[in-house]
Amino acid sequence: MLARFRITIFLGLVTPFTLVLIPVQWLAIKADLRFARYLPVFYHRVVCALLRLKVTVKGDPALGRPLLLLSNHSSWLDIVALSSVMPVSFIAKSEVGTWPIFGLFARLQRSVFVDRSRRMATRDAHHAVSKRLKDGDAMVLFAEGTTSDGHRVLSFRSSLVGAAGDLLGGAQSRIQPVAITYTRRTGLPIHRSERPCIAWYGDMELVPHFKGILLGGPIEVTISFCDPLTGEVARDRKSATRAAEQAIRLRAAYVMRGRVSA
């Protein structure tokens, strides 16, 4: 009975809220208004509150543009949490654009879709990402290329990091690693055995996983903005990818152990 009540309340609140904002965001995108960048932040902050997802931010996003954020990825909650912190758009695989509901949300957040099976499509995506960076958008790349089980950070892929190209030259880099770490649930530290309950990976079905998130205890997540990459490291996509992966692995491990306070 309690489970049905929670689900009913969530859907009863989020559904009309979403239906009202969808046409507003669509019109803002069509009119190329800056408002289109900031409405998703407001929307996801409300969704975080309804999901009882508490987001803590460590460090600061780089102020300059262009800005390419490289992040680890373990759950659809990553998108909700990160989108509640600052205006961002995502670099996503092409299949996401075809998903019911989530594909629409991705388009409304002005995501760039990449078909990794076609070389020409990947080249077009590079141009699209570069244009968005030139326009001042902060773009997020989940550099593992898939979701992990939450226990570890998978190896990063360098193919799309090069989309920033010449835009990222100069003394101050605009490639910044971001670590997303789930730390507590119902006020208690999340243990290794509990992380797969939050992570969404492999062949997991979305609806049962969503119900588990909604019906479980409140979740705390830390978004850690690491130091931007600089110099020759930032200008070489493979070096940048390795450096970002290392920084995120280190920061995520520290946060899980409760050793990062700022």
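The values are calculated or read from the model by the stated rules, or taken from the named source; none is laboratory data. Not measured: the values here are computed from a predicted model. Reconstructed Cβ throughout: ideal geometry from the backbone, glycine too, with neighbour counts over all protein chains shown.
Data for the structure
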{"read-out": "Check on Ser159, closer than 29 Å to Val233 by Cα and at pLDDT 80 or above", "value": "no"}
{"read-out": "Cβ pairs under 8 Å, 6+ apart, first in the range 219-239 and among the aromatic types (Phe, Trp, Tyr), second modelled with pLDDT of 80 or more and part of a loop (DSSP other than H, G, I, E, B)", "value": "Phe225/Gly59; Phe225/Asp60; Phe225/Pro61; Phe225/Ala62"}
{"read-out": "Members of the range 34-49 found to be without any contact (Cβ under 8 Å) to a residue 60 or more places away in the chain, farther than 24 Å from Ser224 by Cβ and in contact with a helix residue (DSSP H, G or I) (Cβ under 8 Å, 6 or more places away or on another chain), listed by number", "value": "Phe35, Leu39"}
{"read-out": "Candidates Arg184, Arg195, filtered to the one that is surrounded by fewer than 18 Cβ atoms within 10 Å (Cβ to Cβ) and either in a helix (DSSP H, G or I) or touching a strand residue (DSSP E or B) at 6+ places or on another chain (Cβ under 7 Å) (or both)", "value": "Arg184"}
{"read-out": "Any helices (runs of 4 or more DSSP H) falling wholly within the range 205-262 and containing at least 1 residues that are of a type in the set (A, V, I, L, M) and under 18 Å from the mean Cα position of the chain (by Cα)", "value": "206-215, 237-256"}
{"read-out": "Hits in the range 162-194 (condition: under 19 Å from the mean Cα position of the chain (by Cα), modelled with pLDDT of 80 or more and either small (Gly, Ala, Ser) or more than 25 Å from Met86 (Cβ to Cβ) (or both))", "value": "Ala179"}
{"read-out": "Complete set of residues in the range 27-61 that are in contact with an Asp or Glu (Cβ under 9 Å, 6 or more places away or on another chain) and not in a helix (DSSP H, G or I)", "value": "Leu53, Lys54, Val55, Thr56, Gly59"}
{"read-out": "So Arg65, is it in a loop (DSSP other than H, G, I, E, B) and of a type in the set (Lys, Arg)", "value": "yes"}
{"read-out": "Some residue of the range 112-125 being surrounded by fewer than 19 Cβ atoms within 10 Å (Cβ to Cβ), among the hydrophobic types (A, V, I, L, M, F, W, C) and either in contact (Cβ under 8 Å) with a residue 24 or more places away in the chain or out of contact with any Phe, Trp or Tyr (no Cβ under 7 Å at 6 or more places or on another chain) (or both)", "value": "yes"}
{"read-out": "Subset of the range 102-132 [modelled with pLDDT under 75 and either assigned to a loop (DSSP other than H, G, I, E, B) or in contact with a Cys (Cβ under 8 Å, 6 or more places away or on another chain) (or both)]", "value": "Arg116, Ser117, Arg118"}
{"read-out": "Yes/no for Arg251 being among the basic types (Lys, Arg), closer than 14 Å to Thr56 by Cβ, buried (at least 18 other Cβ atoms within 10 Å of the Cβ) and in contact with a Ser or Thr (Cβ under 8 Å, 6 or more places away or on another chain)", "value": "yes"}
{"read-out": "Qualifying residue in the range 62-84 (condition: acidic (Asp, Glu), surrounded by fewer than 17 Cβ atoms within 10 Å (Cβ to Cβ) and in contact (Cβ under 8 Å) with a residue 60 or more places away in the chain)", "value": "no"}
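One line per residue, one yes/no per condition, for (1) more than 20 Å from Val255 (Cβ to Cβ); (2) at pLDDT below 95; (3) hydrophobic (A, V, I, L, M, F, W, C); (4) surrounded by fewer than 17 Cβ atoms within 10 Å (Cβ to Cβ):
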{"site": "Val20", "(1), (2), (3), (4)": "yes, no, yes, yes"}
{"site": "Ala28", "(1), (2), (3), (4)": "yes, no, yes, no"}
{"site": "Asp32", "(1), (2), (3), (4)": "yes, yes, no, yes"}
{"site": "Phe42", "(1), (2), (3), (4)": "yes, no, yes, yes"}
